[in-house]
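Asks: This is the structure, below, for whatever I ask next.
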Amino acid sequence: MARSDADMAPRLGVRLGSRVFHTLILHLENDVPIQLERRFVNPRWVPYYSDTDFARYTPNKG
């Protein structure tokens with residue numbers, strides 16, 4: 001979990017300082033790292049986000 005900042009809060013529809021889910025996602029192409037993404041998710045929109053085993057299922061592919 002992370003706390004929303006002044007830039008993030010309005011984008012996620014939460015109050016400043018609200019707790020939001022935070023993940024670092026490494027994108028690969030042919031097993032080569034091509035992008036590191038910091039993803040923030042409003043818990044009201046995806047309440048079970050933190051229950052997902054991202055080692056098995058990525059946020060982009062189920």
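Asks: Keeping all protein chains in place, calculate the accessible area per residue for region 19-60 (probe 1.4 angstrom), answer in Å².
Replies: Per residue, region 19-60 has an accessible area of 82 Å².
Asks: Using θ = phi - 60° and the Karplus curve 6.51 cos²θ - 1.76 cosθ + 1.60, what whole-Hz ³J(HN,Hα) does each residue of region 34-45 get, with Gly and Pro shown as x?
Replies: With coefficients 6.51, -1.76 and 1.60, one gets 10, 7, 10, 10, 9, 10, 10, 10, 6, x, 5, 7 Hz.
Asks: Along region 10-25, what does the Karplus equation 6.51 cos²θ - 1.76 cosθ + 1.60 (θ = phi - 60°) give for ³J(HN,Hα), rounded to whole Hz, x for Gly and Pro?
Replies: My calculation for region 10-25 gives x, 5, 8, x, 10, 7, 3, x, 5, 7, 9, 6, 9, 9, 9, 10 Hz in order.
Asks: Given Cβ point charges of +1 (Lys, Arg) and -1 (Asp, Glu) and nothing else, what value in debye, to the nearest 20, does the dipole of the chain about its Cα centre take?
Replies: Computed about the Cα centre, the dipole is about 340 debye.
Asks: For the chain, what Kirkwood radius comes out of the mean inverse Cα-Cα distance, in Å?
Replies: It works out to 12.8 Å.
Asks: Arg3 to Asn30: extension gain in nm, 0.36 nm per residue of separation minus the Cα-Cα distance?
Replies: 6.3 nm
The values are calculated or read from the model by the stated rules, or taken from the named source; none is laboratory data. Nothing here was measured: the structure is a model prediction, and the numbers come from that model. Cβ sites come from the backbone with ideal geometry, for glycine too, and all protein chains shown count toward neighbours. Each accessible area value is taken on the protein alone, full model and side chains, heavy atoms only, with ligands, DNA and RNA left out. Shrake-Rupley method; radii C 1.70, N 1.55, O 1.52, S 1.80 Å.
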